[in-house]
Amino acid sequence: MVRVRDSSDRRAKKPRSRPLKGEDTEVNHVVDTHAVSENQARELVRRHGNDWRKIDEAAKSYKG
């Protein structure tokens with residue numbers, strides 16, 4: 001006998017504790033906290049991942 005799965009068999013997805021690299025949530029956070037453009041923030045997140053110390057240092061250099 002073959003068991004047929006229905007929707008109740010599927011596990012509910014857990015919310016992620018951290019956004020994925022380059023997601024809008026991270027980019028928006030960098031834009032809000034460092035007053036840089038969205039493109040600059042996206043580049044910082046792409047370049048440094050979730051290393052917020054490096055992102056902070058690089059964002060300060062963008063400000064001048």
Check your understanding: Right, Thr33: modelled with pLDDT of 70 or more, part of a helix (DSSP H, G or I) and either under 17 Å from Tyr62 (Cα atoms) or aliphatic (A, V, I, L, M) (or both) or not?
Key -> yes
Check your understanding: What number of residues within segment 36-64 satisfy the criterion of being surrounded by 11 or more Cβ atoms within 10 Å (Cβ to Cβ) and touching a His at 6+ places or on another chain (Cβ under 8 Å)?
Key -> 8
Review point. Of all residues in segment 43-60, which are part of a loop (DSSP other than H, G, I, E, B) and in contact with a Lys or Arg (Cβ under 8 Å, 6 or more places away or on another chain)?
Key: Gly49, Asn50
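The values are calculated or read from the model by the stated rules, or taken from the named source; none is laboratory data. Note that the structure is a prediction, hence the values are computed from the model and not measured. Please note: Cβ atoms are built from the backbone with ideal geometry, for glycine as well, and neighbour counts cover all protein chains shown.
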